[in-house]
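Only one structure is covered here, and it is reproduced in the block below.
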Amino acid sequence: MHGINHQVCAPLQIEQAGVIAEIDISASLAKLADRNNVLIASFEILPPDIRAHFQQQRRKALLVWRSRVYEREISPLADGRIDIFDTSLCSVLAKGERLLLVLPAGQSLRYVLQVVVEGVFVDRFRLRALDPRRFRRHVPAGPAGCRCWQVGEALLFLLENGRIGMGRETGGGGEGDDHEAAPELSRQVVDILFEKPGRQVSEYQEQLTQAPPLEGRVLDVSLGGLRLALRGAEEVDLVNRLLYVECIFGAAGTETPSTPPGEAGCLVRVFAIARRRQLKADSCVVHLMFAETLPAAMETLLAG
């Protein structure tokens, strides 16, 4: 079987966990309510037809600045910068100001870029796109396998309405670890579903991983999200979907790690939202945002 060894997906019991903290992902789930906004890191990432539409001639787009919305003509430049043609905003905008640039793409679909003002001229100002992932990205030191499962609509409804709770386990992953003495020295981060009330592990926890997973490898990871190359996901609509993702870093040095994470490596098994995807020749590259950011203590482990 390709991908991560199935033994790391054994059902969890909440009383066996190391350090359990209830987490609130309501803000992240709220982002799923509007499936029409796709956050992107640069103009070049747009689908070819949408990119060509804006490059052929000046097109109107929306700017959001200080809670106000402006419609302006834009012109993408060859170096990835974007010129906004305007005379009124030029008098009040300053270099370094941050805005949102919204590109309508038909059928209510909108591509959103976080941008910063790089220069202000007489009749226009120039924007540069910002990476929406604010945390430092790390490329795994060796091949890091991953698997992910789509969260069904029934469970998503229960999470959105607070019927099912979510906890996050952090711990060393090995017997004899003193979690209370050094909880920051985590080698695993695992999101666990539990029933309300009672905090018993939910039956949905085991169901999360019953369907065949999408498998692939980690391209880069940060405390806020990761980028995956998935096999067989070309025809699957993942954008703005909630996923349950499992990765092991630094274990066995192969793309099919089998070393228990408590002995070598770092296990991450958490919920994440797919923000966008890119089709490649041999895989589908998916950009994910963790529903809850990873603990800061994980930084050195992710860095390898």
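Return the sequence-ordered ³J(HN,Hα) values of segment 89-96 in whole Hz as given by the Karplus equation 6.51 cos²θ - 1.76 cosθ + 1.60 applied to θ = phi - 60°, using x for Gly and Pro.
5, 4, 7, 10, 7, 10, 4, x
Going by accessible area, probe 1.4 Å, with all protein chains left in place, what is the ranking of Val120, Val245, Val239, largest first? Don't jump to the answer; show the numbers that get you there.
Working: Val120 55, Val245 5, Val239 35 Å².
My answer, sorted largest first, is Val120, Val239, Val245.
Read phi for every residue in segment 236-243 and hand back ³J(HN,Hα) as whole Hz from Karplus 6.51 cos²θ - 1.76 cosθ + 1.60, θ = phi - 60°, with x for Gly and Pro.
9, 7, 9, 4, 6, 9, 8, 10
Which of the peptides 66-73, 292-299 is most tightly packed, and how do the rest follow, going by the mean number of other Cβ atoms within 10 Å of each residue? Display every interim value, and only then the final one.
On the way: 66-73: 10.6, 292-299: 17.1.
Averaged packing, sorted descending, gives the order 292-299, 66-73.
With a 10 Å radius around each residue's Cβ, average the other Cβ atoms per peptide and rank 124-131, 188-195, 159-166, highest first.
Details: 124-131: 18.6, 188-195: 21.5, 159-166: 15.9.
The packing order, highest mean first, is 188-195, 124-131, 159-166.
With a 1.4 Å probe and all protein chains left in place, how much of the accessible area of segment 136-175 comes from carbon and sulfur atoms, in whole percent? Don't jump to the answer; show the numbers that get you there.
Working: 890 of 1820 Å².
Roughly 49 percent of what the probe reaches on segment 136-175 is carbon or sulfur.
Provide the gained length on full extension for the span Ala281 to Lys196, in nm with one decimal, where the gain is 0.36 nm per separating residue minus the Cα-Cα distance. Before the final figure, lay out each step's value.
On the way: separation 85, 0.36 × 85 = 30.60 nm, distance 4.50 nm.
Here the answer is 26.1 nm.
The values are calculated or read from the model by the stated rules, or taken from the named source; none is laboratory data. Bear in mind that the values here come from a model prediction, so they are computed numbers and not experimental data. A quick note on method: Cβ atoms are made from the backbone with ideal geometry, for glycine too, and the neighbour counts reach across all protein chains shown. With ligands, DNA and RNA removed, areas are computed over all heavy atoms of the protein, side chains included. Shrake-Rupley method; radii C 1.70, N 1.55, O 1.52, S 1.80 Å.
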